[in-house]
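The values are calculated or read from the model by the stated rules, or taken from the named source; none is laboratory data. No experiment lies behind these values; they were computed from the predicted model shown. With ideal geometry, Cβ positions are generated from the backbone for all residues, glycine too; neighbour counts draw on all protein chains shown. For accessibility, only protein heavy atoms count, side chains too; no ligands or nucleic acids. Shrake-Rupley method; radii C 1.70, N 1.55, O 1.52, S 1.80 Å.
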Amino acid sequence: MSDNTDSTTETPTRRDTLKYGTTLAAGSVLAGCSDLVGQDDPTQRNDDRGSYEACIEPVGCLSLEEVPETWMAITGPWADMAIALGQRDGFQPAGWYPPAYVFDRVGVDWPTDVVAPYSDGKWDKEFFYERNPDVFLTDPNYLPGNDSSWDESDTQELVDTVAPFFGNNIVRRREFHDYELPSLYEAFDRLADLFQERERYEAFARVNEEMQADIRARLEAASERPEIGLVNFGSSPSEGRFSPMTISSEGVEMKQYRDLGITSAFSDESADGGEIDYERLLEIDPELLVVHSGVRLTTEDGEFDGEAFVDQFVTPILEHPVGSQLTAARERNIYPGGSFQQGPITNLFQTELAARQLVPTEFGEFDPEQFPDVPEDEQLFDRQEVADIINGVFEQ
């Protein structure tokens, strides 16, 4: 292999450098230490020279000289958090995210051609190199946790040649977790450290706290609130199959239900990965039937498809001889539930959604043809205020 000594040659990219078998970790925008990857090479540490530090389990602490300009998030919570912190320009889309219409309501131009670097149970390593972000906003254990052929050396390779990881799989407890799952706002707080966006984080936290306080003040007593029967999106009412879920599971995907003090009609035992039929569902007879991630159904233009939801989940129940006897069917309380891929922006909409479904007499009737739009006098948070925080136009 010969050296290229042409004076016009530009600085090699990370991909070019890989080709020549060296590493750019010490010279990249980000370089840090990680409990996962165990970097012992002093050229890959900036602890003594770094201007600030950001920490999260299981990664440990990253020492940073500059705020990362580009980032990749494989799952929705981290993408949502980064967007909330004003980082839209650096977004390298690559994964599974909440519905785009949520972000449209706060003025965020959401990418429409998102492709996940994953197929047939395998990660496409080349995809990560092609995107070449300054940081991966992903739990490093998420990669081997979803691909048995991926191991720590593959993750180490990306850290050494592309960028460090910063994230935690906060959606739900997985088999690869033996460490803390921070709450949504705990993770959001730590990401604010990474992007040095303390003011935006605090402004967002105030919006959330004010909405939560307003909802709590208007909710009926806990003993008067209905139980909900939460079923997985993979349930098939037309085939008489329902996959029950509880709202007590650890992780951010159930945040809105826990915040509203909602109780589950299903026990942990009945929701342990099994299926139930109409007869068993009628025995439990939940007052509300909610399809987890039902909001993911969208039209060609990316809006929520209320007609498709009714066709797939409501009509088959109403037309079934046993299903039609359900309290939720008789009272037309069959609803789309929030996306499990929620960060702070999506959670505001989904908490408002859950409140309207739980107590429509107080918070307004849910209309599948109207969602996610809500009459202004019934909105539980100010969309323009959220947009202003994202755009950096707010009082600090």
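Could you give P(r) for the stretch 267-364, binned at 10 Å from zero, as whole percent values over all Cα-Cα pairs?
14, 41, 37, 9, 0
Could you work out the relative contact order of the stretch 197-266? I mean the mean sequence separation of Cα pairs under 8 Å and 6+ apart, divided by the number of residues, in percent.
Relative contact order comes out at 32 percent.
What is the mean projected area of the alpha carbon convex hull for the stretch 224-290, to one decimal in square nanometres?
Taking a quarter of the hull surface, the average projection is 4.5 nm².
Calculate, in nm to one decimal, what Asp109 and Glu283 gain on full extension: separation in residues at 0.36 nm each, minus their alpha carbon distance.
58.1 nm
Can you give the % of DSSP beta bridges in the chain that are antiparallel, to the nearest 5?
50 percent
Once whole DSSP H runs in the chain are found, which of them have Cα atoms spread over 20 Å or more along the helix axis and a mean Kyte-Doolittle score of at least -1.0?
344-358
For labels at Lys122 and Ala308 in the simple 7 Å Cα→Cβ model, what's the distance in nm?
Placing both labels 7 Å along Cα→Cβ, they lie 3.0 nm apart.
Note the full-extension length gain between Asp214 and Asp373 as 0.36 nm times their separation in residues minus their Cα-Cα distance, in nm to one decimal.
55.3 nm
How much of Leu318 can a 1.4 Å solvent probe reach, expressed as accessible area in Å² and rounded to 10?
Looks like 60 Å² after rounding.
Normalise the Cα radius of gyration of the stretch 76-159 by 2.2 N^0.38 Å (N = residues in it) and let me know the number.
Ratio of Cα Rg to 2.2 N^0.38 Å: 1.16.
From largest accessible area down, sort Glu352, Glu126, Glu224; use a 1.4 Å probe on the protein chains.
Sorted by accessible area, descending: Glu224, Glu126, Glu352.
In the stretch 334-396, if every C-alpha pair distance is counted and binned at 10 Å from zero, what percent goes to each bin?
It works out to 20, 49, 25, 6, 0, in whole percents.
Determine the distance separating the Cα centre of the stretch 141-192 from the Cα centre of the stretch 289-326; give it in Å without decimals.
Answer, in whole Å: 34.
Arrange the residues Trp71, Trp110 by how much accessible surface each exposes, largest first, with a 1.4 angstrom probe.
Sorted descending by solvent-accessible area, the residues read Trp110, Trp71.
Keeping every protein chain present and rolling a 1.4 Å probe, give me the accessible area per residue for the chain in Å².
Result: 45 Å² per residue.
With θ taken as phi - 60° and the coefficients 6.51, -1.76 and 1.60, list the Karplus ³J(HN,Hα) couplings across the stretch 245-252 in order, rounded to whole Hz; mark glycine and proline as x.
Listing the rounded values in order: 9, 10, 9, 8, 5, 6, x, 7 Hz.
On the accessible surface of the chain, probed at 1.4 Å, how many percent belong to carbon and sulfur atoms?
Carbon and sulfur: 42 percent of the exposed surface of the chain.
For the full complex of protein chains and a 1.4 angstrom probe, list Met81, Met245 by accessible area with the highest value first.
Met245, Met81
What distance in nm lies between label points placed 7 Å from Cα along the C-beta direction at Ser223 and Glu269?
Output for this residue pair reads 2.7 nm.
Search the structure for amide H atoms under 5 Å from the amide H of Ala265, placed 1.01 Å from N in the peptide plane, and list their residues when 5 or more places away or on another chain.
The list, which skips near neighbours in sequence, is Ile228, Gly229, Leu230.
Please give the FRET efficiency for Gln196 paired with Val322, using the beta carbon to beta carbon distance and R0 = 51 Å, rounded to the nearest 0.05.
0.35
Counting only C-alpha contacts under 8 Å and six or more residues apart, can you give the relative contact order of the stretch 241-396 as a whole percent?
Averaging sequence separation for qualifying contacts and normalising by length gives 23 percent for the stretch 241-396.
Taking the Kirkwood radius as the inverse of the mean 1/r across Cα pairs, report the Rg/Rh of the stretch 194-250.
Taking Rh as the inverse mean 1/r over Cα pairs, Rg/Rh reads 1.19.
Between Gln156 and Asn132, what is the FRET efficiency for a Förster distance of 25 Å, r being their Cβ-Cβ separation, to the nearest 0.05?
Calculated transfer efficiency: 0.90.
Based on the Cα atoms of the chain, what semi-axes does the equivalent ellipsoid have, where each is the square root of 5 times one gyration tensor eigenvalue, given in whole Å with the largest first?
So the equivalent ellipsoid measures 42, 23, 19 Å along its semi-axes.
Which one, Arg198, Arg206, Arg105, has the greatest fluctuation when you compute a Gaussian network model over the chain with C-alpha springs under 10 angstrom?
Most flexible of the set in this elastic network: Arg206.
Report, to one decimal in Å, the Kirkwood hydrodynamic radius for the stretch 166-283 based on all distinct Cα pairs.
16.8 Å
Within the stretch 97-135, find all residues whose amide N lies under 20 Å from a label point positioned 7 Å from the Cα of Thr298 along Cα-to-beta-carbon.
97-119
For the chain, what's the relative contact order in percent, using C-alpha pairs closer than 8 Å and at least 6 residues apart?
It comes to 17 percent, rounded to a whole number.
When the helices in the chain are scored as -39500 (n - 2.57) per DSSP H run of 4 or longer and the sum is shared across all residues, what 222 nm value do you end up with, to the nearest 500 deg cm²/dmol?
Result for the chain, helices only: -8500 deg cm²/dmol.
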